[in-house]
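A.B. asks: Here it is, the structure in full.
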Amino acid sequence: MARTPNYSFERQERERLKARKAAEKAAEKAAAKAAGQPYDPDDADAKPPTDDQ
């Protein structure tokens with residue numbers, strides 16, 4: 001038997017995840033501003049290059 005959908009819970013979960021993502025982005029922007037560097041969303045997940053050859 002299939003369960004009945006709980007639309008309000010699913011919506012709350014989506015909103016919670018969206019708020020968490022927005023908070024993380026705001027924290028990254030605040031850290032970049034405190035460091036005196038402009039915020040670049042492309043560099044948020046980028047890792048520094050390595051010199052392994």
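The values are calculated or read from the model by the stated rules, or taken from the named source; none is laboratory data. Bear in mind the structure is a predicted one, so any value in this text is a computation, not a measurement. Neighbour counts run over all protein chains shown; Cβ positions are idealised from the backbone, glycine included. Ligands, DNA and RNA are stripped out before the accessible areas are found, and what is left, the full protein with its side chains, is counted by its heavy atoms. Shrake-Rupley method; radii C 1.70, N 1.55, O 1.52, S 1.80 Å.
A.B. asks: Do you know which residues across region 1-19 are open to solvent by less than 100 Å² (accessible area, probe 1.4 Å) and of a type in the set (F, W, Y)?
C.D. replies: If the condition is that a residue be open to solvent by less than 100 Å² (accessible area, probe 1.4 Å) and of a type in the set (F, W, Y), then no residue fits.
A.B. asks: Just name the residue that is modelled with the highest pLDDT out of those in region 20-53 that are open to solvent by less than 90 Å² (accessible area, probe 1.4 Å) and touching a Phe, Trp or Tyr at 6+ places or on another chain (Cβ under 8 Å).
C.D. replies: E28
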